[in-house]
1. Looking only at the range 43-68, which residues are more than 15 Å from Ala19 (Cα to Cα) and not hydrophobic (A, V, I, L, M, F, W, C)?
2. Which ones in the range 131-149 are assigned to a loop (DSSP other than H, G, I, E, B) and surrounded by fewer than 18 Cβ atoms within 10 Å (Cβ to Cβ)?
3. Test Pro362 against the stated conditions and say whether it is open to solvent by 50 Å² or more (accessible area, probe 1.4 Å) and within 32 Å of the chain's Cα centre (by Cα).
4. What do you reckon, is Leu218 over 29 Å from Ile84 (Cβ atoms), assigned to a loop (DSSP other than H, G, I, E, B) and without any contact (Cβ under 8 Å) to a residue 24 or more places away in the chain?
5. Would you be able to say whether some residue in the range 52-61 is touching a residue at least 60 places away in the same chain (Cβ under 8 Å) and among the acidic types (Asp, Glu)?
6. Select from the range 1-40 the residues that are free of Cβ contacts under 8 Å to residues at least 60 places away in the same chain and part of a strand (DSSP E or B) and list them in ascending order.
7. Cβ-Cβ under 8 Å, sequence separation 6+ or interchain: first residue in the range 105-123 and more than 18 Å from Leu74 (Cβ to Cβ) and part of a strand (DSSP E or B), partner open to solvent by less than 60 Å² (accessible area, probe 1.4 Å) and among the aliphatic types (A, V, I, L, M). Which pairs?
8. Given the criteria of a type in the set (A, V, I, L, M), over 19 Å from Leu186 (Cα atoms) and open to solvent by 50 Å² or more (accessible area, probe 1.4 Å), does Ala90 qualify?
Amino acid sequence: MKPLPLAGFRILSAEQYGAGPYGTQFLAQLGAEVIKIESPGEGDTARAVGPHYLRENESLYFQSFNLNKRSLTLDLGSPEGKAILHRLAAQSHALVNNLRGDLPKKIGLTYDDLKDVNPALVCAHLSAYGRDNERTRWPGYDYLMQAEAGFLSLTGEPAAPPTRFGLSMVDFMTGAQMAIGLLASLLDAQRTGQGRDVDVDLLSVAVHQTSYPAMWYLNEGDVIPRTPRSAHPSVTPSQMFRTSDGWVFVMAQLPKFWRALVEKIGQPELARDPRFVTPADRLTHRDELTAILDDVFKQQPTSHWVKLLCGHMPVAPVLSLDQALDNPHLRNIGMIDTVAHPDRPELRVLASPIRLDGKRLPNRAGPLLGADTDAVLAEAGYSGAEIAAFKNRGIV
């Protein structure tokens with residue numbers, strides 16, 4: 001395999017929990033040396049998130065977001081810790097944090113704080129609400145953003161209470177947005193020798209993801225409602241249908257897919273039914289069409305319909321999480337990887353969705369707390385005696 005595209009780039013990250021570590025993991029998998037800065041003794045709070053552990057305070061949750069990284073313990077609140085940070089920043093290309101919005105300036109993690117140390121340094125900040133408004137000091141988490149950005153009002157059945165995503169998608173989207181902003185700024189810094197601050201916040205990203213429903217409301221005052229069966233708001237049939245053993249999701253988004261559907265399921269007369277001739281007709285009579293198609297789909301199991309329709313129109317089985325992860329297709333495309341961890345020689349992890357030259361990116365297990373402290377400090381020019389003294393004083 002060719003050298004990874006970010007090989008040779010060093011990124012420091014004062015990160016914890018989910019959003020920031022998720023974003024920097026992409027950078028680490030793409031070859032960057034990501035040095036995770038953690039508080040001495042405690043480390044990233046994600047290490048203690050249960051219910052499953054490799055050892056005490058070494059959780060499987062932590063492994064989800066910290067593959068391919070190094071761990072450095074460092075007290076950023078102490079003068080000596082800040083001096084060490086400055087030496088490391090002088091030898092790095094970027095510094096990431098996902099702290100509360102008011103903390104980067106207090107700790108000294110902004111570009112203004114570090115530009116004299118390294119004018120080309122890119123300082124990326126991921127916070128709940130941003131660093132320059134009345135909510136700067138507010139703590140915040142993914143679920144709160146889903147609530148305030150309207151996600152809960154769009155998710156679930158019409159009569160159900162507001163419902164959040166089953167996963168922390170705002171965290172993941174914000175981490176990915178941070179990585180994009182950092183990479184663009186890093187590219188510019190390589191050309192100009194000038195770094196900068198990059199800011200993303202959970203709420204802004206969540207609102208940005210409302211995308212076309214936002215455009216509809218902002219320009220037409222149209223607030224889309226929830227739809228039964230997770231249906232598309234304006235196209236039908238594009239939803240779940242009951243089968244004899246579960247559910248199948250079919251999406252006749254285009255006229256050709258509607259024709260393929262009715263032909264394949266043996267109901268060609270539906271295409272000529274006055275209620276269903278045009279997309280607008282089908283939307284008007286969605287409930288009637290759903291009842292008809294339910295009667296058809298209930299006659300066979302989900303696997304039958306997927307096999308019948310796949311390749312002819314968009315279709316997918318509705319799987320539970322265990323069924324989804326045991327799907328043989330994931331093994332065929334290499335989405336399940338195995339790494340060696342000190343406590344589990346064959347730790348199963350998700351592979352990166354990014355492929356280079358047709359190959360998945362290589363993975364290694366997330367680091368134990370402080371596993372790389374001695375090596376990182378030695379690489380920065382500190383002697384063994386200095387490192388030992390730092391440890392004695394609780395600096396690292």
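The values are calculated or read from the model by the stated rules, or taken from the named source; none is laboratory data. Note that this is a predicted model, so its numbers are computed, not measured. Cβ atoms come from the backbone with ideal geometry, glycine included; neighbour counts cover every protein chain shown. Calculation scope for accessible area: heavy atoms of the full protein, side chains included, ligands and nucleic acids excluded. Shrake-Rupley method; radii C 1.70, N 1.55, O 1.52, S 1.80 Å.
1. Taking the range 43-68 first, the residues more than 15 Å from Ala19 (Cα to Cα) are 43, 48, 50-60, 68.
Residues satisfying the conditions are Gly43, Gly50, Pro51, His52, Tyr53, Arg55, Glu56, Asn57, Glu58, Ser59, Asn68.
2. Applying the first criterion (assigned to a loop (DSSP other than H, G, I, E, B)) to the range 131-149 yields 131-141, 149.
The answer is Asp132, Asn133, Glu134, Arg135, Thr136, Arg137, Trp138, Pro139, Tyr141.
3. On the way: open to solvent by 50 Å² or more (accessible area, probe 1.4 Å): yes; within 32 Å of the chain's Cα centre (by Cα): yes.
It is true that Pro362 is open to solvent by 50 Å² or more (accessible area, probe 1.4 Å) and within 32 Å of the chain's Cα centre (by Cα).
4. Numbers: over 29 Å from Ile84 (Cβ atoms): yes; assigned to a loop (DSSP other than H, G, I, E, B): no; without any contact (Cβ under 8 Å) to a residue 24 or more places away in the chain: yes.
For Leu218, the condition - over 29 Å from Ile84 (Cβ atoms), assigned to a loop (DSSP other than H, G, I, E, B) and without any contact (Cβ under 8 Å) to a residue 24 or more places away in the chain - is not met.
5. Pass one, the range 52-61, residues touching a residue at least 60 places away in the same chain (Cβ under 8 Å): 54-55, 57-58.
Still in the list and also among the acidic types (Asp, Glu): 58.
Yes, because at least one residue in the range 52-61 is touching a residue at least 60 places away in the same chain (Cβ under 8 Å) and among the acidic types (Asp, Glu).
6. Within the range 1-40, Glu33, Val34, Ile37 meet the criteria.
7. Val122/Ala94; Val122/Leu95; Val122/Leu182; Val122/Leu186; Val122/Ala189; Val122/Val198
8. Details: of a type in the set (A, V, I, L, M): yes; over 19 Å from Leu186 (Cα atoms): no; open to solvent by 50 Å² or more (accessible area, probe 1.4 Å): yes.
No: the conditions fail for Ala90.
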